[in-house]
Structures are given as structure tokens and as C-alpha cells.
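Heads up, the thing below is written out as C-alpha cells.
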Amino acid sequence: MSTQSYNTSDAYKQAGVDIDAGNALVEAIKPLARSTARTGSDAGLGGFGALFDLRAAGYQDPLLVATTDGVGTKLKVAILANKHDTVGIDLVAMCVNDLVVQGAEPLLFLDYYATGKLDVAAGRDIVAGIAEGCRQAGCALVGGETAEMPGMYAEGDYDLAGFSVGAVERQNALTGSAVQAGDVLIGMASTGVHSNGYSLVRKLVEKSGLGYDAPCPWDAGQTLGAALLTPTRIYVKSALAAVRAGTVRALAHITGGGLIENIPRVLPDGLGVTMDASAWPLPPVFSWLMKTGGLSPLEMARTFNVGLGMIAVVPADRAEEAKAILAGAGEKVFTVGTVQPVQEGGARVTVNGMDAAWTV
């Protein structure tokens, strides 16, 4: 019976785990982490845990809010397109956009990056995206975990998970309980598909017969892969500006489940919304997906964000003020609907005019 021999000084590397590569990645990303430093945290790497000083950040009676999320199968597009510098932004966005709907300011972020064999260049691109997302959100990248696990992932594959903690003063937390009939819905434009529905997106790309390196059907200036990797918009700073001005009663982050499933999550019992599909433009990526897959407008609205990545519910008499604040912070905004009573068992979200507005 033959036996496998290992150089005892190099046994772990021969088993598939390269400690030196891991150390090289840590050194490469230290400047990226330092670039996200903020009051309350120095964003240094290397310790076993990270400290955050809430008092230094200006909080008196804070509630902590924690979120976790991933990028989903959008990572397969990044791997197939060999483009890894934007999915880190997606990772941060999916976490911090969930924090801000509670009225919370993101304070710190940690990531988990797992792969079969560590590629230092790809890893640095991924973390560079994470750092960029943290800068956009105003939170500190305080640590994370890089796991090299041979046998767990196919060659070139990797997965990402993100974890964020934010804070909100107790009296300012958004719970949705303040929403009233007659309130107005303000939609903030998305940058595209964001990070949900990519299992369907990839099926439709396969059906189209196009490669990710092919010219994009709705934007000939870039490849299909690059277009589909457009990162999720981070709404933190603009939404917080509107919240702190007292103009917002609730926020809904439009992720998996689209408009139909996400808006009811911030509505009190007995209330629903009516929306007008002609009130905002359907981005061309969704027109292409809809046509390629023969998808119905309702299926689009319950799968994708269809052009609205965040919804603010505001008092009718402060709608123009809220829109001005959001637009001033860089958002494209649209008045897209209203809140009204709904009978038990009735539709919580009705989107009128989809067939006419989303004809492809």
C-alpha cells in the first residue's frame, strides 16, 4: 500500500492551503481597510476583534441594528466575466441598504470570502470593491475572514458574505408603525438589476445564446457581463438625509421579491399601496430580460426591482421636501404611488398600468 508523503515544513500548502498567499492578501488589503476609517473606529486589521466607540460617534441612547447578506449567483457572472472589482460594492450595499430602512447609520462592516484556492489578485479586487462600498456608506471595514478550502469549491469559484452593524437613536428608529393612509411613495432609481434574481438572469442569458463578453444588447458601449455587473446602488447617505430631516415614515429596500413582496414589510396591518407603472422609466436591462424570457409584467414586479431600488413612504404635505432632499443628494426620484386602506386578504401592492408602460 502506497502512502502520500509531505514535506513537514510545507504540509498545509501541499494539502491545498497557502498560508503565504493568505498573508500576502492581508497585507494588500490593509491600506484599503484604512481608507474606510471613521469616527469611532480606526479600521485597522490584524487583531482578533474590532472595537467601536459609540460615544465617540456621537450617540447618546442608541439602538444597534445588525444585518447580513450575500451577493448570490451574481458572483457566477463575475467569475465567468473574470471581473471581480464591483461585487464587493454589491456585498456592502445589500447589508447597509437594509440598515438604513430602520433609520440606522452603518458604522462597521465585516466580510467573509471563501474560495477553493486563493487568488491574491482577485481577492484584492474583491476587497477593493468592499472598501469602496464602505466609503460610499460611511462605515468602517473593520475585519473579515478569508477561508481557503480546497475541495469545497470548484476551481475559480468563491463566495462572499457580509455583516454590518449600525446605530440609530432610540426615538428615531423607523419601524413602519407611523405610516398612514394618504402617505406618498417616492421611488429612488436603481442602477439596474442590483443583486437579486440572477439565477433567472443567467438562465435568460443562456437562452439568448450570448456570451458575457458579447456586446451588451441595450448598451453597445460595454460587454453584457460588465453591464450585468453594474453594482447595487447604496442609498445610505441620501436616505439618512431625508430621515434626519423628519420627512420619512418608512423605507423599503427593493430586493428579492421585487415591489410586490418588499413594500408590505414596512406597512402596518390594514394598509396597502397603489402604484402607477408609468410614473418611472423601466430601465432597458429589464425590457431585455422581459422580452428574452417572455416574462409577464407581474412576474417582473415580484422578481426584480424594475427600476426602483428604494421606496420612501412620506407624508403627503412633505413629499416635495423629501424629493428635494433626495435629489440634492444625487438620487433620481419619482412620485410612484400612495398608501390606502386595504381589506383583509386584499392585495397589499397594486401596480397599475404595467402592461402599457412596460410593453416590449
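Between Asn352 and Ala66, what length comes free when the chain is fully extended (0.36 nm per residue of separation minus the Cα-Cα distance, one decimal in nm)?
Values: separation 286, 0.36 × 286 = 102.96 nm, distance 3.51 nm.
Length difference between fully extended and current span is 99.4 nm.
Here the Kirkwood formula puts the hydrodynamic radius of the chain at 21.7 Å, using every distinct Cα pair. For the range 142-227, the alpha carbon convex hull comes to 236 Å³ per residue, rounded to a whole number.
Dipole size of the chain about its Cα centre, with +1 on Lys/Arg Cβ and -1 on Asp/Glu Cβ: approximately 480 debye, rounded to the nearest 20.
Once you have a ≥ b ≥ c as the square roots of the Cα gyration tensor eigenvalues for the range 62-203, tell me rounded if a/c is under 1.5, and otherwise prolate or oblate according to whether a/b is larger than b/c. Kindly include the intermediate steps, with their values, before the conclusion.
Numbers: a/c = 2.59, a/b = 1.67, b/c = 1.55.
Since a/c reaches 1.5 and a/b is larger than b/c, the shape of the range 62-203 is classed as prolate.
Report, to the nearest whole %, how much of the accessible area of the range 147-228 belongs to carbon and sulfur atoms, 1.4 Å probe, protein only. Provide the component values of the computation, followed by the final result.
Numbers: 1910 of 3730 Å².
For the range 147-228, the apolar C and S fraction of the accessible surface comes to 51 percent.
Within straight cross-link reach of Lys291, meaning Cα distance under 25 Å, which lysines are found once same-chain residues fewer than 8 apart are removed? Candidates past the 8-residue exclusion: Lys74, Lys76, Lys203, Lys207.
Keeping all protein chains in place and using 1.4 angstrom, which order do Phe52, Phe109 fall into by accessible surface area, from largest down?
Phe52, Phe109
Principal-axis analysis of the Cα atoms of the chain puts helix 19-34 at an angle of about 40° to the longest axis. For Glu299, the accessible surface of its heavy atoms amounts to roughly 80 Å² (probe 1.4 Å, protein chains only, rounded to the nearest 10).
Compared with the direct C-alpha span, the chain from Lys76 to Glu344 gains 92.4 nm at full extension, assuming 0.36 nm per residue.
Share of Cα-Cα pairs in the range 242-295 beyond 16 Å, in percent? Tail of P(r) above 16 Å: 62 percent of Cα pairs. Once the C-beta distance of Ala147 and Lys237 is scaled by a Förster radius of 35 Å, the resulting FRET efficiency is 0.65 to the nearest 0.05. In this view, the solvent-accessible surface of Trp218, computed with a 1.4 Å probe and all protein chains in place, comes to about 60 Å². Taking all protein chains together and a 1.4 Å probe, the residues Tyr235, Tyr59 rank Tyr59, Tyr235 from largest to smallest accessible area.
With an 8 Å cut-off on Cα pairs and a minimum separation of 6 or more residues, tell me the relative contact order of the chain in percent. Please report the intermediate quantities before stating the final value.
Values: 761 pairs, mean separation 74.0, N = 360.
Relative CO of the chain lands at 21 percent.
Along the axis of the charge dipole computed for the range 23-173 (Cβ charges of +1 for Lys and Arg, -1 for Asp and Glu, origin at the Cα centre), the listed residues Gly72, Val92, Val168 are led at the positive end by Val168.
Within the straight-line cut-off of under 18 Å between alpha carbons, the lysines reachable from Lys323 are Lys237, Lys332, sequence neighbours fewer than 8 places apart in one chain being disregarded. Per the Cα gyration tensor, the range 179-252 maps to an equivalent ellipsoid with semi-axes of 35, 14, 10 Å, ordered largest to smallest. Apply the a/c threshold of 1.5 to the C-alpha gyration tensor of the range 258-360 and tell me whether it is rounded, prolate or oblate. It comes out oblate by the Cα gyration axes.
When a/c is below 1.5 the answer is rounded, else prolate if a/b is larger than b/c, else oblate, so apply that to the range 106-148 with a ≥ b ≥ c taken from the square roots of the Cα gyration tensor eigenvalues. It is oblate, given that a/c is not under 1.5 and a/b is not larger than b/c. Dipole check for the range 220-317: with +1 at the C-beta of Lys and Arg, -1 at the C-beta of Asp and Glu, and the Cα centre as origin, the magnitude is about 300 Debye. Accessible surface for the chain, divided over its residues, is 45 Å² per residue with a 1.4 Å probe. Residue ranking by accessible heavy-atom surface, 1.4 Å probe, largest first, among Asp125, Asp157 comes out as Asp125, Asp157.
Mind checking the full-extension length gain between Ser177 and Asp53? Use 0.36 nm per residue of separation minus the Cα-Cα distance, one decimal, nm.
On the way: separation 124, 0.36 × 124 = 44.64 nm, distance 3.01 nm.
Working it through step by step, the gained length comes to 41.6 nm.
The Cα atoms of the range 311-360 define a convex hull whose projected area, averaged across directions, is 5.1 nm². Within the assembled protein chains, the solvent-accessible surface assigned to Lys203 is about 130 Å², based on a 1.4 Å probe. Its convex hull of Cα atoms gives the range 275-321 a direction-averaged projected area, equal to a quarter of the hull surface, of 4.0 nm².
The values are calculated or read from the model by the stated rules, or taken from the named source; none is laboratory data. Please read these numbers as outputs of a predicted model, since none were measured by experiment. Quick reminder, even Gly has a Cβ in these numbers, built from the backbone with ideal geometry, and neighbours come from all protein chains shown. Only protein heavy atoms, including side chains, enter the accessible area calculation; ligands, DNA and RNA are left aside. Shrake-Rupley method; radii C 1.70, N 1.55, O 1.52, S 1.80 Å.
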